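The values are calculated or read from the model by the stated rules, or taken from the named source; none is laboratory data. Computed from a prediction, not measured in an experiment: that's the story for all the values here. Neighbour counts are summed over all protein chains in view; Cβ atoms, including those assigned to glycine, are modelled from backbone coordinates with ideal geometry. Please note that ligands, DNA and RNA were not included when accessible areas were found on the heavy atoms of the full protein model with its side chains. Shrake-Rupley method; radii C 1.70, N 1.55, O 1.52, S 1.80 Å.
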Amino acid sequence: MRLTNIAQMVLPHGQVHSYAPEARGFTGREFLVSFDQSRHVGEGDRPGSWMALAARLPVGTTLDAIADAWQCVVARHGTLRTAFTRNDQGELTLHELTLGPGSWLTHDVPEGSATRDVVRAVFDTWCRPFAQPSHRVCVIQPDAGDADPRPAIVIGSDHSHVDMWSLLVLLRDLADALAGAELAPAAAFAEHTAVLAAQAEAPQDVRERWSEVMDAGGGLMPVFPLPLGDVSRAHHEVVEVRDVLDRAGLERLSARADAAGVRLISLAVGVLTEVSLAMTGTGLRAVFPVHSRHDAKWHDSAGWYITNAVLSCDDPSGATAAVKDAIRLGSYPLAPILAPYGGMPATPGMFAVSWLDTRRLPVQVSPDFEVQYVSAVVPTDGVMIWFIVNEQGVHLRCRYPDTPVARESVGTWIDSVQSALRDTATVPGDTDTEAGARHPTPVPERVPPR
């Protein structure tokens, strides 16, 4: 399983098809719009608002079989049958959408282009906030004679309807449907939104803690602690993807966490805090995504079950407490909490750190699928770092604005984080480590300036 983006992902060369469901209009049912959906969709219709997951399917899987299976997936997940509209006053409405069996479209791959370029164009066109529906499935049938004849599938959706966990759910359900399983309806994300809306106000201490966190940043979200250059406007993005630790390194890092009696994420946050203190003189302060699938009924549901908290850690020894604090901050509806700040402020230079240990997810798929999590290419004015932990090790993807200053600052910061995590995973006396000669620091993959 690999983190990548559409400009760097690996897809076979071959014929590209996309499945277009037939939209038959709204049913008349309307649902509440979640806080994050409102922020995301409220930015308007635009390309690059989607996220996707790519995988390889068994040899011989036909387009007809994929279409039938995808219809079963759409029938199972209510969020895939919803769409947004906005009136003249800017108010958003989420509607239930009737979808009928669709058809396959074939897309030419121009000379000199890659299949990923075609997939990007499909998703930029159809996986938009106001599309009806805002999801598409692309299939690449490899050219004859390709060393790997398995078809590749890329499932894309506007972010308003999915998160990374959801994409794994959709792939698993598609595979089950292809195998002949019947898919029962999953709990609907709209129901989750209604549950949150009916939830009691956050406790006084949580609201006070949010006030402390926000006031510490002058009412703004955390920003990257090193210079980024002029980010008063968004720039083309730079994306770096690194394999920080291999399987053996992860085992050693996990053993170090176990010996300290802490979770792996707490150990990592302590390392990030050490790096921040050494480089900037200040502790770690970052936006920290937290999932809201607290009830097991949501584990098999597709939707945007991610909210945001702020992770603040000034002392590596307090990393466990800092993680617990951030999770608690993200356990209550944010709309009323952040209302005094105008919602979640769009802060230039905003810094976010995401951590996902896929080994702990209740949803698993076979490594044979060769899963790639795929982000769009978008302009950016902030720094976002994703850590993915899986059976193969620890992986990092970072997105930041393409300015000379940001390249130097963020690149140096990532180098330091990577080195520190490898040093932490080094067992004294062990010469075969990620810090050793047999495990050199990989050359980062970068999206070239455009």
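Overview of values
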item: Residues located in the stretch 14-39, provided they are surrounded by 19 or more Cβ atoms within 10 Å (Cβ to Cβ), under 18 Å from the mean Cα position of the chain (by Cα) and of a type outside the set (A, V, I, L, M, F, W, C); result: 34, 36, 37
item: Single unsatisfied condition, residue 240 versus (1) modelled with pLDDT under 95; (2) more than 21 Å from residue 358 (Cα to Cα); (3) not small (Gly, Ala, Ser); result: (2)
item: Filtered residues of the stretch 384-424 (kept if assigned to a loop (DSSP other than H, G, I, E, B) and at pLDDT 95 or above); result: 402, 403
item: Selection within the stretch 312-336 - open to solvent by less than 30 Å² (accessible area, probe 1.4 Å) and of a type in the set (Val, Ile, Thr); result: 323
item: Condition check for residue 125: in a strand (DSSP E or B) and either within 29 Å of residue 43 (Cα to Cα) or open to solvent by 60 Å² or more (accessible area, probe 1.4 Å) (or both); result: no
item: Filter pass, residue 211 being in contact with a helix residue (DSSP H, G or I) (Cβ under 9 Å, 6 or more places away or on another chain), open to solvent by 10 Å² or more (accessible area, probe 1.4 Å) and among the hydroxyl-bearing types (Ser, Thr, Tyr); result: yes
item: Tabulated pairs, the stretch 355-373, first at positive phi, second open to solvent by less than 90 Å² (accessible area, probe 1.4 Å), C-beta under 8 angstrom, 6+ apart or interchain; result: 370/55; 370/56
item: The listed residue being in contact with a His (Cβ under 9 Å, 6 or more places away or on another chain), closer than 24 Å to residue 137 by Cα and open to solvent by less than 20 Å² (accessible area, probe 1.4 Å), out of 371, 363, 389; result: 363
item: Flag for residue 194 being modelled with pLDDT under 95 and on the phi < 0 side of the Ramachandran plot; result: no
item: Residue within the stretch 186-195 that is farther than 17 Å from residue 361 by Cβ, assigned to a loop (DSSP other than H, G, I, E, B) and of a type in the set (A, V, I, L, M, F, W, C) present; result: yes
item: Given (1) within 22 Å of residue 291 (Cβ to Cβ); (2) touching a His at 6+ places or on another chain (Cβ under 7 Å); (3) not small (Gly, Ala, Ser), index of the condition residue 139 fails; result: (1)
item: Helices (runs of 4 or more DSSP H) wholly inside the stretch 220-338 that include at least 1 residues being under 30 Å from residue 173 (Cα atoms) and not small (Gly, Ala, Ser); result: 247-260, 264-280, 319-329
item: In the stretch 143-165, the residues that are in a loop (DSSP other than H, G, I, E, B), more than 20 Å from residue 364 (Cα to Cα) and open to solvent by less than 50 Å² (accessible area, probe 1.4 Å); result: 148, 150, 151
item: Every pair of residues 6+ apart whose Cβ atoms lie under 8 Å, when the first sits in the stretch 41-60 and is of a type in the set (Phe, Trp, Tyr) while the second is outside any helix (DSSP H, G or I); result: 50/127; 50/128; 50/134; 50/156; 50/157; 50/158; 50/376
item: Restricting the stretch 232-247 to residues that are open to solvent by 10 Å² or more (accessible area, probe 1.4 Å) and among the acidic types (Asp, Glu), the residue that is nearest to the chain's Cα centre (by Cα); result: 243
item: Qualifying residue in the stretch 289-301 (condition: of a type in the set (A, V, I, L, M, F, W, C) and under 20 Å from residue 395 (Cα atoms)); result: yes
